[in-house]
Every structure is written in C-alpha cells, then in structure tokens.
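Only one structure is covered here, and it is reproduced in the block below.
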Amino acid sequence: MINTLLQGILLGGYYAVIACGLSFMFSVMRIINLAHGSLAVAAAYGLWLLAAKAGIPPFAGLLIVLPVMAVIGWLLQRFILERSARGGTLLPILTTFGLSIVIDNLLFEQFGADTRSLAPFIGNLSYASWQLPGHIFVGKLAVLMMVTAILILGGLQFFLSRFALGRAIRATAEDPDTAGLVGIDARGVNAVATAITMVTTGIAGAFLGMRATFSPYAGGPQLLFAFEAAVIGGAGSLWGTLAGGIVLGLAQSLGAQLHPQGFLIGGHAVFLLVLFIRLSRSRLPVLDKVGALLKPSALLNLRARLRSPT
Amino acid sequence: MSHLSIRDLDVRHGLLQAVRGVSFDLAKGEVLALVGANGAGKTTLLRSIAGAHLPASGRVLLDDEDLAAVPSHKRIAKGIALVPEGRRLFSQMTVEENLLLGKSCGRKGEWSIDRVLDAFPNLKPRRHAKTGHLSGGEQQATAIGRALMSNPDILLLDEVSLGLSPLVVDRVYAQLQALLTSGTTIVLVEQDLARAMSVASRVICMLEGRIVLDRPAAAVTREHVTQAYFGLHRASGERSAS
Amino acid sequence: MRRETQNRPGEAFLSAKGIHKRFGALVVLDDLDFSMGDGEAVGIVGPNGAGKTTLLSVLAGAYPPSAGSITFDGTEVTSRTAAERCRSGLVRTHQIPKPFSGMTTFENVFVAASHGSATSRDEAYERVVDSLSLCGMLGVANRQADTLGLLDRKRLELARALATQPRLLLLDEIGGGLTDGEASELVETILELRRRGIGIIWIEHIVHILLQVAERLICMDAGRIIADGEPKTVMSDAEVVKAYLGGTPT
Amino acid sequence: QSGDTLKVGFISPRTGPLGGFGETDGYVLDLARKALANGLQAGGKSWKVEILDQDTQSDPSRAGQLAKELINNQAIDLMLAVSTPETINPVADACEAAGIPCLSTVMPWEAWYFGRGAKPGAPSPFKWTYHFGFGVEEFHKAYVSQWSLIETNKKVGVMYPNDADGNAIRAHLAPALAKSGFTIVDPGAYETGTTDFSAQIALFRQEGVEIFNSFPIPPDFAAFWRQAAQQGLTQQIKICQVAKTGLFPSDIEALGDLGLNIGSAAYWHKAFPYKSTLTGVSGTELADGYETASGKQWTQQLGASLALLDAGFDALKASDDVKSKEAVAKAISTLKTTTIAGKVDFTSGPVANVSAGPIIGTQWVKAEGSKFPLDYVVTENATDPNVPVGAKLTAYNG
Amino acid sequence: MTPNTSFASNGISIERWTKSSRLALASMAAVLALLILAPAVLGAGAIDRMTALFIYVILAAMWNALAGFGGLVSVGQQLFFGLGAYFTIRLADAGLDPFVSVFAAAIVTGALSIPLSLFMLRLKGGEFAIGMWVMAELAHLLVNLDRLIQGETGTSLISLNVYDSSMRRATIYWLALTAMAALLGALFILMRSRAGAAMQAIRDNEEAATSVGVRVTATKRLLFVLAAFGIAVAGGLWLATATTFQPKTYFSVQWTAYMIFMVLVGGIGKFEGAILGAILFFVIETFFGAAGVWYLIGLGATALIFSLYLPRGLWGEVERRFDFQLLPVGYRLKLPGPTKIQWKE
Ligand SMILES: Nc1ncnc2c1ncn2[C@@H]1O[C@H](COP(=O)(O)OP(=O)(O)OP(=O)(O)O)[C@@H](O)[C@H]1O
Ligand SMILES: Nc1ncnc2c1ncn2[C@@H]1O[C@H](COP(=O)(O)OP(=O)(O)OP(=O)(O)O)[C@@H](O)[C@H]1O
Ligand SMILES: [Mg+2]
Ligand SMILES: [Mg+2]
C-alpha cells in the first residue's frame, strides 16, 4: 500500500512536468495548446539527434535544445499565436491543432515510425533506484522528475506573482490592449512568456524520452494527462498543477489496485470527481470544506496569509 | 510651445467616422475639460491620443514629436497616461498588482502604492482583493490610481467620476488640484459641468466627432455649453483659432 | 399591459429580511431588512463598496444570500433563480453593462422580450420596438452590441430590462456620464415607467437626478441601512452627510 | 483496356503510429512489380497486373474508406491487406460487404475471425474474406518449446493488454500454457496508455515469477520494463518473452541495455528456408537486398508482406476465371501453397476462411561484427521444423 | 414562417428573410430532392463518398450548434459518436434490424446525454472542453469492458451482411441524406426560434441571460442533447458504412478535431459555415487523401493558415465582404426613414 502511494505520488511528478508548459499556457495565457505534446516530442527528437549522432548526452544536450526551444517559442508567438489569440479563445485551438498535425508528420517524414528513447544515453538512470526498507524501490529518475517539477512550477509561480515581468505576463494574457495602455510591451512580454513555456516543454520532452519511448505520434496520448493535471490544479495556479499531477498519479495507482483496468479509469473518474466537488461546494455545505481543501490555491492563500502580517 | 498638439485628426470605427478633423493645442499644465453628448467621439479621441486606436489621418504631436509610429506602451513611457472608459482593470489580479502594473513604464516620480491608498482610503481594506470582485466605485478608484502610478505628464481621464460617490469625487478633484500644482497636463471627460469647470482652464465641446466649442473656462457659461451640445454653435463659428 | 398584482393590501410588495451576504471572510451585507410597496420608487445611495450592488444582486437572484429571506409579491423567492424572478416581474440592470456582444441591439432586447415573460412572437416584437424607442435606441437597433459606446450599453441594459415587462425594476447606476440634457430625458423615461405603474429601485451617485424620481431614499454604509425615509430628510441626516456626501449636502 | 488487366489492391499502414509495419512495403512491392512486369499467366492467358497500394495512415476509418474506394472506383479483382487489426478488419469488412475476395496476414487469426463477429462453434459467416498466419496455438507451441530451453520455476508473469491480441491470448493461450505445466500469474488486462505498473510489478515480485510474457505496444513496454528494472523485478526474470514490441529492431534499441536478450517470436525470419513463389527470392536475398537498398536493418515484415503477395497471386493463378470474384474466392478457399513465409493451406485450417501459419521463437542479442547494434537469432522451431535454429537461448538475467 | 411582421402604426418592420435567402432555401430543397435520385445515376464509389459527406455535414453542424451558437466548446464530442456506434452494435446483437438500431442507438445516446448534462453543463469554458474529453475517454474504457466488444479488438456489424451490397449502400445513403436534411432542418428552425436567440445570449453572457429570464440550463441542455443525438446518428451511420467497430477508432479525439476543423474553416457561428466547412474538408480529403504524410501536413497547414488569415472562416469572410446571408437566423429592424439617434421619441 505504501509502495502504491509512493509510486503514485512520484508518477504525479512526471505528470506535473509534462503538464507544466501546458498549464502555463492554459491558466496564464488562456490558450489551449493542442500542440504541446508534439512540441515536447520534437524536443525529445532534438535531444536524441544530439545523443545518437553527435554523442552529446541528453543532459548536456539540454543546454543546446532548451535555448533552441526558447527561440522557437519566441517565433511561435510572434508569427502564429499572437495572430490567432486575437481571434478569441477558440481560434488558438484550431491553430495549435493544425500545428500539431504539421509537427507530428514532419517528424515522421524526417525520422520514420521507429520508436526511440533517450534512456540508452543516460546510463542506468532510467531504471536505477534506491531501495528503502520494506521492499520499496524509489526510482532515481522519478525523484529527479519530482524535484524538477517542484522547482519549475514553484519557480514559475514565484516569478509570476512576485516579479514585474511575471505580472506583466498575466496582465497581457488577460487584456493585451489595456496592457499596452499601462506601458507593457504586450508583444514582447507574450513572446517571452511563450519562450519560457517552450523551455519547460523542452524539459518535458527530455523526461518523456528518458522515462519511456517516443515516436512521431507520441505527443497526443500524453496530452490528456497533462490537461487533467492542469484542470485539477485549477486555473491560474501553477502549484495547483503539481497537486493536480499528484492527485492524478495517485488516483491511477489506486485505481490499478482495485481493478487491473482501473488505472486509466481511476484517473478519469477522480478528475471528474474533483470537478464535481468543486462545483458542489456552493450548493452542499458539507462538501464545502473538502472542496476548499481540494482547491490548490487554498494552500497558496494560506501561505500568503502566513507571510503577510495583515 | 505647445506640449500636446492634435492636428486634423480623423478616427474611424470601420465605416463610422467617430472623430472628424479635430485640432487643438495644449500647453503644459493646462486642464482641458472635454464635454459632449453620448457618442460625440470623446472616448475615441482620448484613445487615439493614448495610442490604443490608430487614427485614419492627422497627427498627434508631443513636444513637436510625431507619435504616429509610437505604440501605446511607449507613449505612456513618454508620459501620456489614460484612465480608460469602463475601467479596463485586470480583473484576475489584485488591487495592489493592478497598481504595480501602472509602474511598468518605469517613470520615476512620487506616486507609490501607499500614496494611492492614502488618496483612496476605501481601497485600503481591498488591497489584496481581485479587482474583478470590487464594487464599481472601487474599480474606478483603482483605475485612476493605476494611471497615477506611472507619474504622467499628461493625464487623460475618461469619465473620471463615473460611479464614484460624492465624497470620493471630492477626493479625486482634490488630487487633480494637487497634480496641477506639479505641472501635470490634464484632459478630463466629465459630464458634471460644474465640477469640470471648477478645475478646467479650458473647455472643448464635441458634437458628432467635431469640435463645436473651444474656449477658456473663464469665458464660458453653462448655457454656452448646453447650446453646444445641441449644435447651436456650429453656425456662429465658435471654434478657436489657436 | 401590466400584470395583476396578487398581494393583499398592507403587505409589502418586495421584502427582504435578515439578509446577510459574505464573500469569504468579507461581510458585505449585514443583517439587512428592507421592504417596499407596489409601484413605489426607492432611491439608494451610499459610499463606494457599501454593498448596494450586492443588495440588488441578492434581490434579483444573481447569487443567494448567506442568510435571510426574500418575498416578492406575496411569494417566497429566496431559492428561485434570477430567471424565475425575472419572469415573475423582478428584473435588474447591471452596473457594469453586460451586453450580448455577438448580437445586435435588437436581438439583445428580443431575447429579453421573448424570455422575460410569456408572449407570442408578435407581442415580443411589439415590446422590443417599444422599449427601444423609449430608450432612444432605434437608430442603433441593427448594430452589433460590442460596437456600442458605454452610454449606449447602459441604455441597452435598461431597454432589455424593460422588454421583460417588469413590475419592479432594479436600476444600478444608469445615470452616470450623462449630459444634463440626456439626464433629464432619462428622468422623463423613468417617470413614464412610473406612470405605467412599474416600481423602481434605483442606485445612483448623481443624487440630483435621483431626487427627481425617488419618493423614498435609502442610504447604505458598510452593509447596513443607515438612513431610510423621505429624500430631503435622508440627505440632511448627519450620518449620511458624513459617510456619503462628505460635507457638501445638495 | 481493363479487359486484360488484373487489378490488385494492397492496403497497409505506411505512416502513422503503425508505420513500422509498412516501412518495408515499398521495397517488397517493387520486387513484386518487377516480377510481374511481363504479366501473370493465369487460365491460359497473360494478364497485365496493376498493384494499387494504399496507405491507411494507421487510421482504421481510412482503411475502410480506402478499401471501398479501391472496390468501387478501381474495380479491383482481389484485395490484399496486411498488418494489425486496425488495418485488416475494416478492409475485410468492406470486402465482405461488397463481395470482393480479400486475403490478409499478420495479426492473430482469432482476432480476425472472432473479432469480426464470428461465433465459436457456428459456421463461418464470411464468404469473401480469408486470413493466414499465426494464432494462439502456434504461440503456445513456440512458447512451450522456448521456455523449456532454460531451467526455471515455470512461473509466468503475464501482461496482456485489453486489445485484439491481448484478449485472444488471454482467453486461449493462458489456459493452454497452464495445461502444459506453467503457473500463470495474471494481474488482469491493462489498458494501453497506462504509464505506471507498480501494482503488477509488486505482484510478480511477490510471486517470484521467472518467466515474463507480454503483448504490449512499444511505449507501454518501455515504461513497464524500466519500472520493472527500477523495482528489482528484472533481476529475477530468466526469460522475458514479448510479442508485438520487439518485432522491429528499433523497439529494442530504444530500451538500451535492458533490451538485450529479450525473447521474441517471429512470423518470418531471414533464416526461413523458402523461396518466394512470386519473385523467386530467398529469405537471405530478401533481407540483404533490403539492407543494401535502404541502409536499414532487415525486419520480419519483409517476408510477411511478400508472403501475402505470393499467396494472393498463387490464388489468382489457380482460379478458373480471374475476372470472376466467385472463382477467385473459391481458389483462395482451396489454396495450398508454400510462400516465402512457409505453408499456406486453407483446406485444413482451424476454422473456415483461416490458414494457420508458423511463429518461431527468437531472441535479440548483441550483434558481433555488424553495422547494426542488435542481432536477431532463431532459438526454437516447434511450429516449423524446416527453419534452422541459429543460437541457444540465453537467460535474460544471466 | 411569417416573413415580415409589420408595425402598422409607424411603418417599422422586422426582417428575417431576404430575397436571396428565400432563393437559397428553395434551391437547397431542390438540391436535396435531386440527391434522393442519386443512387439511380451515380456509381457505387460516388454514393459511398457522398454518404461520408453527409455524415461530415452532420458532425460539423452539430459541433457548430454547440460551440458557435451555444458557446459550449467541447473536445469530447467523440463520446456521442462512439456511443452511437456502440449502441448500434449492442442493439443489433440483441436482434434488432441494424438500420433500425442506428436510430434506436441515437435515441439511447440522446437519453443518456440528459443525465450527463446535469453535471457537464455546470462546467465552464476550458473545464467543460477538457471534461468532455475525459468523459469520452471514460466511456471508451467502459465500452472496452463489454465482453461483446472484446476490448480494443472490437467487433463488426455483421448482421448487415444479410443485405445485398448495392441495396445496402443505397439504403445507408438515403438514411444519411434523410438524417442530414432532418437534423439541419431541425437546427435551422431551432436557431430561428426564440430558443435560438436565447442560446446565443447565453453564449455571449450567461449571467445577463439569466437576469432577463432565459432558462439557461434548460436551453443549454436542449442544445447539448440535440448535438448528442445528431452525432450519435452520425456514429451509427458511420458504423453502418464501415461495418467494423473498434472502440479506439470511434472514441478517437480525431473526430472532434475534424469537427473543429470543418467549423472553424467554414465559419463558426454561421449556419452556412458548417456546411461549407464540411464540403471543403471532404474535397480536400477526396483529392489529396492519397498523398499520405503530405496530405496530413497540408491539412494541418490549412488549419493553421485559416486560423491566422481567415479567422472568421470562409463563410464569415463572404458575409463580411458582400454583406449577405443565405440562411439567416438573425433579426433586422427596418425603419421607415433615416432616423437619428434619439433618447426618446
Ligand atoms: N468599436 C466600435 N465599433 C464601431 N463603432 C464604435 C466603436 N466604438 C465607438 N463607436 C462609435 O463611435 C462613435 C463615438 O464613440 P465614442 O465612444 O468615442 O463617444 P463618446 O463621446 O465617448 O461617447 P460616450 O459619452 O457614450 O462615452 C459613437 O457613435 C460610437 O457608437
Ligand atoms: N464577488 C465578490 N467577491 C468578493 N468581494 C466582493 C464581491 N462582490 C462585491 N464584493 C465586495 O463587496 C463590497 C460591496 O460591493 P458592492 O458592489 O455591493 O458595492 P456598491 O455599494 O455597489 O459600491 P459602488 O457604489 O462602488 O458600486 C465591496 O467592497 C466589494 O469589493
Ligand atoms: Mg466615452
Ligand atoms: Mg455598485
């Protein structure tokens, strides 16, 4: 049981990493980015190319791939997302859907259908583990992902709420015209925001490639988990995404305990349950407290309250 | 030398011409009351000065520099700040964050969050509330505060007192008075004529996109303005030659 | 055209008892009692953030009170939705206008006319044209609502509310930003509604307009009613002057 | 002109997630077209042959649409469909509906037969569609033979997904294996796309299984097997026998060191001693030819696709009237031939419309002196003794 | 259909039809009538393709109704597509005639969508969109548990095999044609009705809609259930044409992606837009489908380019440029003469 819980939580760290960039776009910039998975896979291919053809190990490869991703993000915003975001919330769905098809198939055209993985290039990290008493194994890569998730999501949350640029990003996302009127260079800020997103997407791609295998069309299946984590986490909160990832991971692990096919069903069912409880809070006072606890921003408020004397 | 000058400005919304051939000059420290009926084009005019809406033709000059190619976020860095009609706050962000955003352009000056909260004490308890949850008046106060945070040279206020209770209106006007002494130029859209003329050094009345009256405040009576609203001045060539 | 009132003489047309409203820890309405008779015109003033709009929202059913009950025309409506209250004749306008931005002015009002009370389509058309002309919006009838200026949006709020054939109209700051001439036309319109027997609750900071219509004035502060009565008396009440008018009684 | 032209449809997944299966089809089709350049002799007449190859993009809906398009607009005389239920079943259903003979291979025949609505014991509901290749029985034979090569406790941990192969295997293979003396530890079906397998791994560890058997798609297996290594399961596994994943070298390469010594089963291997009836090439010639032409390592799909073409054209040759759909269907139903992938015999199948084919135990080992990192060796030959065994099975954890 | 209601008193009238729109409606009716005869003249291939087109039109129109008119953006409409097909298989297995099953299944799906709506319709924006997707996944997994379906293997609607192939083809064609015509007609009437106006109001501002008396939940539910029903019909018909039921295929998010593509390319919120989008998608698929990877890349690029350069979609652009509507659902007020903006009359 403890093992199940532990593995579930660690799995949550993986989901949180995968969801991070998506959540950033979804909750901060209000863009449903259907190309998120494809972009992550593209980054994984970048790392694979460096590792397999140039002998640069993936962790070093990140030093090359992440800046490239940032530049791609910047270009993406300038030439694609900016235009489409102006047309409301729906249009970016079409844009990023189109983008994902283009990316997937270009990858296929370039790399074929072969399954690839970054795991062969990182020694035994992909399956190395620490053994705890009670036959519990903790995967090193899983811990690394969890730590990364905490660092990225925490760092971004801190950046968004405490830094002028972070505030500018949020303001621009809400109303770019008015952002201009208060002196924010909306285009620039959005391009920076997308660049940040793409860096996190690049990291997601790296872990995706190290944890399992990928092929040109591998982006889609990961997308739904990422969305679930982001939505459970609640709009506007990146910490929430971490919580969302963990809730999802736990639900799946526990679901698998109940019934072998319960892994996916458990995750989906808990996702819907969380939404339901959140909705019912206003109607059923009993659920009020549970819902408030489930809303990850409650945690944040608590922290804020603890910190500020008022 | 005029500080802000508008030359033959035409602004359109699609087919509709909202501002037609408007020209005027403002000296530093002047307070202009811009009045006119519903739909006269006041908001459109202010927005095109602030760079939020591009004019079809004509020019906006700041200290003789043409602003045509200057986007809105750079105009505020040059000192032109707008309190937009309808507040346009960032509703997901708190009062404090909205005010801090007013500092984005990086202009130095004496306005700070504390000073804004002193000017609008009713905001103090709502400092960490999201502005989307504020009352109408609280929002308006935040919008004014946000513009002040950029320490503007030229402050454009669209419907300043809209939604403010009389007590707060008094405070706003007291603040404007204080700004005047520090040499800020102000353009004020205000329907309460008595109020507007108590601070204004000049009154411009617009009708259907045109200026139909432009006079020093001292030389204008309530009747003049009221007549101008209905277009009675058009024939008598009241437009100033400045 | 007006619907029959069911209430018996002596009973309040609209009454709210013990209304509390909290948003998290913030108490916005604090044990507030309020009632009014049929066809009455009540003005509400009060400093910013006093809870006026919140009171209106609770009365109209936009959100439920944290505690308290509301009866309208002899029926308990506390748990009714805003839409149900609207169809029984209790309708509000929004302080910050909420037009149906993708539809034309005409269509905006048509939705209200055809859903606010049960009617035939032709009757609904009739009512749309009536309220558009009453609010002077015939000229912009075919304009998409998101191209309207702020004042037209406010008028649209009024026209939409009118088209539902209300018996009690809750108005939230529809007089701000009007020129003197426009303001007196607005007063005329409201008086016309009064003549048609429609009751009015009107929140307004432009006190002199309000006084031309209101027979009774309420001043709120910090979620309570601090003065209630004949407008002149309320306006000169010391507490009102202190909290609201700031030493310049009109 | 259609009077003397035979049109044959060939549908396979060349792009999309199943693209690995179709990767070699271009090469195989080239060979076939070359062999047919001078026409096909059938019924005492020489026919011009046109092979109309189509790519399903791995999309079953598209597969069905393509089949209809070939039937309706191209008036094909015979349909060939290859690789995975996602490709074959929609095509076969379209042919069954339109009355066009259809021959297919490379998916367990149970999933083809029962998966399309046939009921056990009842007469075959299919008139126009035929399938050849491995089924559960062959897996059973191959596994029993392979797993007896190494001393184990005969405890088998199985991971069968809730899909075509998985369900057919669970229903029929597991009981058969149990009968042959193996203890089956089955945590139950899992859904593809599962990313965490702690529950199953814990069970296998607890039960002390030494043989592992699975029918996963590559991403599922990679996630599972790394986790198994992480949690110490792999150290106790002596035989890791996977199907589906491990068909193609890239799946195994992606596993890094963990991929070495994984056991697999092949529906074709270049060591098969047969020659293609259509092109005349042998197994080694086919594999080497492909490696030279493409620069990539040979895969077992080469032989399977070519075998389908072999069988299809053999049936055409054997039919009384190639232009009669009924005659062609009849020729298939009585077809007896030996393709590059072995025997095809519809007269003695396990059920009507099906001819069972071999599946051979194999293993992925580190390659010596090759430009490719892995070598694919035959370790047993129970289902087709003609195939030479090339190497001794090495223990996974050995 | 009262074309113009006049207000005799002051010469004001409300226009709902224009000359061109009447003509358009008449010619649409004529085209539909002609299409009935198609199986007698066209070849089998053409009939099959047209059946696919009709199904696409249904899908696009339903998604457009939901998102374009009701503001309910769902990425999970494959839920109903899959359920429509699944129940068809289930009912046919129970011995019902396969063609009858298609419509019975749609009714079952529509009925199921009612309790579902109680929950889903309370979700907003992105949560609704993703929530529907999750629902679809969940339904997919649950359907997989059905023994008849045999997991991802699926099964086939072999009871159709009793019909002779040309008869079967023509029947499916006529069913699809009828379903499309009926659903489009129902939708058009609904959108022109008062409920239609209410839906658009809800889309634009739910709170305001409630405050003027619109029954928000009931109205949304009407649309939700209609869309569920329509898409389930499409799913059943698709199954009838394809025979094979593999859950993964029918519950694939790709179906919704195609709906989004058709609607946004054609013009969201425009009745004509959805139809045009479906035709466009169909044409692209028919002519370039064989190009494999490059077809898919082209499809993606088309989506991209449209979203960037023609954000209103094809029909939206036509409407804007030429200011005319063929199938108008709105209202236009006609005044007797030029009127000035006045506060009061
Ligand atoms: N986005 C828009 N699209 C089309 N027309 C517009 C738009 N915004 C404003 N207009 C029209 O332009 C004209 C001028 O509007 P503007 O808002 O500038 O007037 P105003 O003087 O500020 O009026 P108000 O007192 O109502 O605020 C009006 O007729 C208005 O309806
Ligand atoms: N949804 C909400 N969440 C949190 N606080 C709210 C919410 N709505 C209103 N408030 C707070 O409740 C108080 C009363 O607001 P309300 O809008 O009723 O004031 P008001 O009297 O209408 O003021 P004004 O004259 O400025 O319009 C304000 O302090 C406001 O910030
Ligand atoms: Mg204005
Ligand atoms: Mg208010």
Report, by residue number, each residue of the range C:159-187 that is among the small types (Gly, Ala, Ser) and within 16 Å of ligand 2 (Cβ to nearest atom).
C:Gly175, C:Gly176, C:Gly177
For the range C:95-116, which positions are at the interface with another protein chain (Cβ under 7 Å from one of its Cβ atoms) and touching a residue at least 60 places away in the same chain (Cβ under 8 Å)?
C:Gln95
Tell me, which helices (runs of 4 or more DSSP H) lie completely within the range E:53-166 with 1 or more residues that are in contact with a strand residue (DSSP E or B) (Cβ under 8 Å, 6 or more places away or on another chain)?
E:78-93
Can you name the number of the only condition in (1) surrounded by fewer than 23 Cβ atoms within 10 Å (Cβ to Cβ); (2) in contact with a strand residue (DSSP E or B) (Cβ under 6 Å, 6 or more places away or on another chain) that C:Ser117 fails?
(2)
Please find, within the range C:149-158, the residue that is surrounded by the most Cβ atoms within 10 Å (Cβ to Cβ) out of those that are more than 16 Å from ligand 2 (Cβ to nearest atom) and at pLDDT 85 or above.
C:Arg155
Does the range E:307-317 include one or more residues that are of a type in the set (Gly, Ala, Ser), in contact with a Phe, Trp or Tyr (Cβ under 6 Å, 6 or more places away or on another chain) and modelled with pLDDT under 85?
no
All positions within the range A:241-280 that are farther than 21 Å from A:Met25 by Cβ, touching a helix residue (DSSP H, G or I) at 6+ places or on another chain (Cβ under 6 Å) and aromatic (Phe, Trp, Tyr):
A:Phe263
Is it the case, given these coordinates, that E:Phe69 is surrounded by fewer than 20 Cβ atoms within 10 Å (Cβ to Cβ) and within 18 Å of the chain's Cα centre (by Cα)?
no
Could you list all residues from the range B:148-195 that are under 12 Å from the mean Cα position of the chain (by Cα), within 16 Å of ligand 2 (Cβ to nearest atom) and of a type in the set (A, V, I, L, M)?
B:Val160
Please specify each residue of the range A:1-52 satisfying the condition of being of a type outside the set (A, V, I, L, M) and within 14 Å of chain D (Cβ to nearest Cβ).
A:Asn3, A:Thr4, A:Gln7, A:Gly8, A:Gly12, A:Gly13, A:Tyr14, A:Tyr15, A:Gly37, A:Ser38, A:Tyr45, A:Trp48
Taking the range C:117-145 and keeping residues within 22 Å of C:Ile96 (Cα to Cα) and more than 9 Å from chain E (Cβ to nearest Cβ) leaves C:Ser131, C:Arg143, C:Gln144
Out of everything in the range B:43-74 that is of a type in the set (D, E, K, R) and modelled with pLDDT under 90, what residue ends up being farthest from ligand 3 (Cβ to nearest atom)?
B:Asp64
So A:Met146 passes all but one of these: (1) exposed (fewer than 15 other Cβ atoms within 10 Å of the Cβ); (2) more than 10 Å from chain D (Cβ to nearest Cβ). Which condition number does it fail?
(1)
Somewhere in the range A:112-127, is a residue aromatic (Phe, Trp, Tyr), within 7 Å of another protein chain (Cβ to nearest Cβ) and more than 30 Å from E:Phe306 (Cβ to Cβ)?
yes
Output the helices (runs of 4 or more DSSP H) that fall wholly within the range B:83-174 and possess 2 or more residues being small (Gly, Ala, Ser), or say none.
B:136-148
Which is within 16 Å of ligand 3 (Cβ to nearest atom), within 14 Å of chain B (Cβ to nearest Cβ) and within 30 Å of E:Ile14 (Cα to Cα), of C:Leu171, C:Leu158, C:Leu151?
C:Leu151
Hey, among C:Glu188, C:Glu204, C:Glu182, which residue is without any contact (Cβ under 8 Å) to a residue 60 or more places away in the chain, within 11 Å of another protein chain (Cβ to nearest Cβ) and more than 16 Å from ligand 3 (Cβ to nearest atom)?
C:Glu188
Strands (runs of 3 or more DSSP E) contained in the range B:1-59 and holding at least 3 residues more than 24 Å from B:Ala217 (Cβ to Cβ)
B:4-13, B:16-26
Given the conditions (1) surrounded by 19 or more Cβ atoms within 10 Å (Cβ to Cβ); (2) within 22 Å of A:Gly155 (Cα to Cα), and given that A:Ala35 satisfies all but one, which numbered condition is not satisfied?
(2)
Going by what's in this entry, would B:Gly163 be described as at positive phi and touching a helix residue (DSSP H, G or I) at 6+ places or on another chain (Cβ under 6 Å)?
yes
Based on this model, can you work out whether E:Ile305 counts as assigned to a helix (DSSP H, G or I), within 14 Å of chain A (Cβ to nearest Cβ), surrounded by fewer than 20 Cβ atoms within 10 Å (Cβ to Cβ) and not acidic (Asp, Glu)?
yes
Among the residues of the range E:203-214, is any within 14 Å of chain C (Cβ to nearest Cβ), under 18 Å from the mean Cα position of the chain (by Cα) and of a type outside the set (S, T, N, Q)?
yes
Taking C:Phe23 as the residue in question, decide whether it is of a type in the set (A, V, I, L, M, F, W, C), more than 25 Å from E:Asn205 (Cβ to Cβ) and either at pLDDT 85 or above or away from ligand 1 (no atom under 16 Å from the Cβ) (or both).
no
Regarding the range D:321-333, can at least one residue be identified that is farther than 18 Å from D:Met79 by Cβ and surrounded by fewer than 24 Cβ atoms within 10 Å (Cβ to Cβ)?
no
Output the number of the condition that C:Val140 fails; it satisfies all remaining conditions of (1) more than 16 Å from ligand 3 (Cβ to nearest atom); (2) crowded, with 21+ Cβ neighbours inside 10 Å.
(1)
D:Val242 being without any contact (Cβ under 8 Å) to a residue 40 or more places away in the chain and under 27 Å from D:Ala382 (Cβ atoms)
yes
Does the range D:100-150 hold any residues that are out of contact with any Cys (no Cβ under 8 Å at 6 or more places or on another chain), free of Cβ contacts under 8 Å to residues at least 40 places away in the same chain and of a type outside the set (S, T, N, Q), and which are they?
D:Arg116, D:Gly117, D:Lys119, D:Pro120, D:Gly121, D:Ala122, D:Pro125
Going residue by residue through the range E:237-245, is there one that turns out to be crowded, with 21+ Cβ neighbours inside 10 Å, aliphatic (A, V, I, L, M) and more than 14 Å from chain D (Cβ to nearest Cβ)?
no
Which one of B:Ala77, B:Ala143, B:Ala52 is touching a Pro at 6+ places or on another chain (Cβ under 8 Å), free of Cβ contacts under 8 Å to residues at least 40 places away in the same chain and either buried (at least 18 other Cβ atoms within 10 Å of the Cβ) or farther than 19 Å from C:Gly49 by Cα (or both)?
B:Ala52
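The values are calculated or read from the model by the stated rules, or taken from the named source; none is laboratory data. As the structure is a prediction and not an experimental result, all values here were calculated from the model. Note: ideal-geometry Cβ built from the backbone for every residue, glycine included; neighbour counts use all protein chains shown.
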